[in-house]
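Report on the structure given below.
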Amino acid sequence: PHLAALVLARGGSKGIPLKNIKLLAGVPLIGWVLRAAIDAGVFHSIWVSTDHDEIEKVAKQFGAQVHRRSPKVSQDSSTSLEAITEFLNQHHEVDIVGNIQATSPCLHPSDLIKVADMIQKEGFDSVFSVVRRHQFRWSEVKKGENKMTEPQNLNPAKRYRRQDWPGELYENGSFYFAKRHLIEKGYLQGGKMAYYEMRAEHSVDIDIDIDWPIAEQRVLSFGYFGKEPLKEVKLLVCSIDGCLTNGRIYVTEDHKEMVSYDYRDIVGIDLLKKRGIQVQLISDRDCSKTLSAMQLGCVAKVNVTNKLQVLKDWQEDMGLSWKEVAYLGNEESDVECLKQAGMSAVPADACAAAQKAAGYICKSRGGCGAVREFAEHIFLLLEKVNSARKQ
C-alpha cells in the first residue's frame, strides 16, 4: 500500500504569521518534521499541503512534494479532514495518509517507523499519537453557578503519589495515520484503532508565541538533528566577506579599501577559542591587509578558487571527521562546504542557494553578529553532545 506523509501548512495563522516556516533553532518549523519523515524511510511519498508560495519554497528545499490546496480548504474554519480529503481526491495512488503536524518539532523518525509498522503490518486502520500526563482533573464551575467543584480522576482524601499512579493518555497532536477508506467515510480515527505513546520530552506543540523560546530550548535538547550522531565541534571555518563582515567594501579617494565588522563577532571568536574550537577564515578575494588590521590571530586563506578543497585540506591536516567541522558561509561558492560540514550556518541575508544548503539560518545578518550567534548555537549543541555522553 502507498503510504504518504502529509503535512498541512496553511499560510494564514491567527497566532504567529507564517508560523510554519518561522525559524526555530535555526531551522524553519516545518523543516524539523520533514527531516524526520524523510529519514524514517517508510513513506512512498512526502507532501506538504499549502496555499502559500513561501511555504511551498521551503517545503521543496527540504525535499517534499507540494500539493497546492484550494481556497475552499484554506479558510480559518477549514478542518484537517477537509484538507486531507481534498488531497486524496487528487492523489488516487495513496492508500494510507500519515498526517504529521508541522507544529511538532521534536518528532523523531523512530516514532514514525513504529507507527508505519502498526498500520501496515499489524492491520490497524488508524493510529494516533498520545502522551502520558500525571495531572489531576476537577469539574469546571461556571460563574454564577451555585455548586462545588468535584474531583474527576482522584480521591482527595487519598491522593496518589506520582510514582504510584500510571497517569492518563492525552492526544498530543503530533500525527494521525489513517487508511483511505476510513477518511472517505469522514473519520481520521476509527475502525481498528490504536494509539502510539510518545515520550513526554518529544511532545512539543507550538500554538502561541509565548511557547516559542521554550520550544527552542526543548528542540535543542530533544530534537532530531539527522541520522548521524552529533559530535563535538573542533574547527569552525568562516567565510570573511558577508559573514565576518557585512560584505560591503568602502574605497577611499586614494584607492584604499575599508570594511566594517561587529565587535560581538570578535567576542564570539574568542569564546570559541576558549572552548578549544579552532577558528579559521577563508575568502574568495585577497583581503590580507584587512585581516592584518583586525588582528584576530586566526589561520586564514585568501584568493581561494576552490573553498571545498581548502576545507578538506584543513580537515585532513587536523585529523578530524566531518562531524567535527562547522562552516559559516553566505555565497554560492560556500554551498559545497555547507553541505559537507557536520554543522553549517548562514547569516540571515545569505543567498538562497546557501540558505538551502545550511543546517542553521542565523537571525543576524553578515557582519552584524552572525558569527557570535552561530558560536552560541554551537555551544548549545555541545551541551546536547555532553548530555548524550552522560546518558
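Of everything listed in (1) assigned to a strand (DSSP E or B); (2) open to solvent by 70 Å² or more (accessible area, probe 1.4 Å), the single unmet condition for residue 181 is (1).
For the range 309-342, the candidate set comprises residues that are farther than 21 Å from residue 377 by Cβ and small (Gly, Ala, Ser); within that set, the residue that is surrounded by the fewest Cβ atoms within 10 Å (Cβ to Cβ) is 319. Could you go through the range 122-142 and let me know if any residue there is under 27 Å from residue 48 (Cβ atoms) and in a loop (DSSP other than H, G, I, E, B). Yes, the conditions are met somewhere in the range 122-142. Scanning the range 291-308 for residues that are modelled with pLDDT of 80 or more, open to solvent by less than 70 Å² (accessible area, probe 1.4 Å) and among the aliphatic types (A, V, I, L, M) gives 296, 300, 302, 304, 308.
Given the condition open to solvent by 10 Å² or more (accessible area, probe 1.4 Å), at pLDDT below 95 and more than 25 Å from residue 263 (Cα to Cα), answer yes or no: does some residue in the range 347-355 qualify? Yes, that holds for at least one residue. Applying a threshold of 6 Å to beta carbon distances and a minimum spacing of six or more residues, or different chains, the list of pairs starting in the range 255-281 at a residue that is within 16 Å of residue 235 (Cβ to Cβ) and aliphatic (A, V, I, L, M) and ending at one that is open to solvent by 40 Å² or more (accessible area, probe 1.4 Å) and assigned to a strand (DSSP E or B) reads 281/300. Look at (1) in contact with a strand residue (DSSP E or B) (Cβ under 7 Å, 6 or more places away or on another chain); (2) farther than 27 Å from residue 86 by Cα; (3) open to solvent by less than 30 Å² (accessible area, probe 1.4 Å); (4) assigned by the TED database to the domain that holds residue 46 and you find that residue 153 fails only one, number (4).
In the range 91-109, the residues that are within 12 Å of residue 176 (Cα to Cα) and free of Cβ contacts under 8 Å to residues at least 60 places away in the same chain form no Cβ pair under 9 Å with any partner that is among the polar types (S, T, N, Q) and in a loop (DSSP other than H, G, I, E, B), whether six or more places apart or across chains. Can you confirm whether residue 38 is closer than 25 Å to residue 124 by Cβ and of a type in the set (Val, Ile, Thr)? The answer is yes for residue 38.
Residues that are more than 28 Å from residue 363 (Cβ to Cβ) and among the charged types (D, E, K, R) number at least 2 in the following helices (runs of 4 or more DSSP H) confined to the range 247-344: 307-317. Scan the range 44-65 for residues that are closer than 17 Å to residue 98 by Cα, open to solvent by 30 Å² or more (accessible area, probe 1.4 Å) and under 21 Å from the mean Cα position of the chain (by Cα) and jot them down. Those that are closer than 17 Å to residue 98 by Cα, open to solvent by 30 Å² or more (accessible area, probe 1.4 Å) and under 21 Å from the mean Cα position of the chain (by Cα): 63, 65.
The values are calculated or read from the model by the stated rules, or taken from the named source; none is laboratory data. Given the structure is predicted, the values throughout are model-derived calculations rather than measurements. Ideal geometry is used to build each Cβ from the backbone, glycine not excepted, and the neighbour counts take in all protein chains shown. Surface accessibility is based on the protein's heavy atoms, side chains included, excluding ligands, DNA and RNA. Shrake-Rupley method; radii C 1.70, N 1.55, O 1.52, S 1.80 Å.
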